[in-house]
Amino acid sequence: MEKSLLDLLKNLPGDTWLSETVGIRKIENDDDLWYAVTECELLPEQEEFVNPAGFSIGRAYLAPNDHIPCVICKAGGERIGFIVLKKWSGSGAGFTWSYFIDRGFQGMGYGKAAAKLAIKILRAADPKMPIKLSTEASNVKAQKLYRSIGFTKSDELDGDDLVFILP
């Protein structure tokens, strides 16, 4: 029987969830939930590219074993973003995430650091599982980031979105 993402993640050592600059922690209290849904904001031009945190948390409620909503924090613990780690729902097996950094913390390297940390976490959960990310063709900034951390564009599409893979 295939293990859920929650099962794969729940026994990882605590330091797996940390890097020098950021940490990722599961939303487990009202303060984190409030931050993710109401306080963490995107720039208006980014809103078309990412589902709101509330939508992603709703999906996690419907499939709690394979959608893990989390906050992204600076090394000192200050919340700076939202991420949901999840199983890939497109063709083929894999892991993925959807995330954003609060607009007040963008342009400081936190997005790249959080992406690298998400890779570390998902690789620790199952080193053989590919990681796939999808983005709209017009989201050039995300595509540049994905390529900079080792992803390559695949021939696969996720609806109309481009798919990048880290084998």
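Apart from one condition, Lys132 fits all of (1) in a strand (DSSP E or B); (2) farther than 21 Å from Glu2 by Cβ; the exception is (2).
Quick grid of which residues meet (1) touching an Asp or Glu at 6+ places or on another chain (Cβ under 8 Å); (2) touching a residue at least 40 places away in the same chain (Cβ under 8 Å); (3) not aliphatic (A, V, I, L, M):
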residue: Lys3; (1), (2), (3): no, no, yes
residue: Asn11; (1), (2), (3): no, no, yes
residue: Trp17; (1), (2), (3): no, yes, yes
residue: Asn65; (1), (2), (3): yes, yes, yes
residue: Ile101; (1), (2), (3): no, no, no
residue: Met108; (1), (2), (3): no, no, no
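Out of everything in the range 31-51 that is in contact (Cβ under 8 Å) with a residue 12 or more places away in the chain and part of a loop (DSSP other than H, G, I, E, B), what residue ends up being surrounded by the most Cβ atoms within 10 Å (Cβ to Cβ)? Checked the range 31-51; the qualifying residue surrounded by the most Cβ atoms within 10 Å (Cβ to Cβ) is Cys40.
When you go through Ala137, Ala142 one by one, which is the residue that is of a type in the set (Gly, Ala, Ser) and in contact with a Ser or Thr (Cβ under 9 Å, 6 or more places away or on another chain)? Selected residue: Ala142, the only one of Ala137, Ala142 that is of a type in the set (Gly, Ala, Ser) and in contact with a Ser or Thr (Cβ under 9 Å, 6 or more places away or on another chain). When we screen Tyr61, Tyr146 for residues that are over 13 Å from Ile24 (Cβ atoms) and surrounded by fewer than 18 Cβ atoms within 10 Å (Cβ to Cβ), the only hit is Tyr61.
Candidates in the range 66-100 are the residues that are assigned to a loop (DSSP other than H, G, I, E, B) and of a type in the set (D, E, K, R); of these, the one that is surrounded by the fewest Cβ atoms within 10 Å (Cβ to Cβ) is Glu78.
For the range 69-103, residues that are at pLDDT 95 or above, out of contact with any Phe, Trp or Tyr (no Cβ under 8 Å at 6 or more places or on another chain) and closer than 26 Å to Pro130 by Cβ total 1. The set of residues in the range 1-55 being of a type in the set (Val, Ile, Thr), within 14 Å of the chain's Cα centre (by Cα) and farther than 15 Å from Val84 by Cβ consists of Val22 alone.
The values are calculated or read from the model by the stated rules, or taken from the named source; none is laboratory data. Since the structure is predicted, the reported quantities are computational estimates derived from the model, not experimental observations. Here the Cβ is made from the backbone with ideal geometry for all residues, glycine too, and neighbour counts use every protein chain on show.
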